[in-house]
Amino acid sequence: MAILRIKTDKDPILRKTSRPVEEINPRIRTLAKDMIDTLHKADGVGLAAVQVGVLRRIIVVETDPGNPIVMINPEILESSGEQDGPEGCLSVPGKRGEVKRPNYVKVKAMDLDGNYKEYEGTELFARCVFHETDHLDGILYTDKAWKMINPDEED
Ligand code: ZN
């Protein structure tokens, strides 16, 4: 168990493309567990490996508290609809922005046992999956926000 240091948006690693995981080994399992611990400590709903400095296609999504989903090599199979709302990022501390995202997602990913599974969901789950998979391609939500929110103006 370890809490990892989260890279912030001044770090150029966040702009790099992550590489697929070829095999689930003890290092990958430890990384995934540490990512979950780090996500809990930061009180977030999602984290990508690149945010802790590892350029591998691994994300953790925990929109259902207590049930983190580790997605390895996630691949979006379907998306539809639209939602618009505020988004933040553990790598962009103190900021939020309005981002349009599809409202529905179906995603395929490998789990820590090496099995591919499909997950689907709407609203926050979908938003989180798009946000985290963007990280794997070096994209930050600030690239997509149509308006940044000044924290002082939020109620
Ligand atoms: Zn993020």
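Here are the numbers:
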item	result
Percent accessible area from carbon and sulfur atoms, the chain, protein chains only, probe 1.4 Å	47
Nearest 10 degrees, 0 to 90: helix 26-42 Cα axis against the chain principal axis	30
Inter-probe distance in nm under a simple model that places probes 7 Å from Cα toward Cβ, at Ile24 and Asp137	2.6
Share, in percent, of DSSP beta bridges within the chain that are antiparallel, nearest 5	95
Under 14 Å, Cβ to Cβ, from Leu55 - net charge with Lys/Arg +1 and Asp/Glu -1	+4
Arg29, Arg101, Arg57, reordered so the largest accessible area comes first (probe 1.4 Å)	Arg29, Arg57, Arg101
Extent along principal axes [Cα atoms of the chain; Å; largest to smallest]	46, 33, 29
Relative contact order, percent, the chain [alpha-carbon distance under 8 Å, six or more residues apart]	25
Solvent exposure, largest accessible area first (probe 1.4 Å, DNA, RNA and ligands not counted), of Tyr141, Tyr104	Tyr104, Tyr141
GNM flexibility winner over the chain from Pro102, Pro86, Pro26 (Cα, springs under 10 Å)	Pro26
Asp9/Glu98 FRET efficiency (R0 25 Å; Cβ-Cβ; nearest 0.05)	0.90
Förster-model FRET efficiency, 22 Å R0, Thr122 and Lys41, C-beta, rounded to 0.05	0.20
Potential lengthening between Leu112 and Ser80 on full extension [0.36 nm per residue; Cα-Cα distance subtracted]	8.7 nm
Whole-Å semi-axes of the ellipsoid equivalent to segment 59-114 (Cα gyration tensor, √5λ, descending)	23, 17, 10
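The values are calculated or read from the model by the stated rules, or taken from the named source; none is laboratory data. Not measured: the values here are computed from a predicted model. Cβ sites come from the backbone with ideal geometry, for glycine too, and all protein chains shown count toward neighbours. Surface areas here come from the heavy atoms of the whole protein model, side chains and all, with no ligands, DNA or RNA. Shrake-Rupley method; radii C 1.70, N 1.55, O 1.52, S 1.80 Å.
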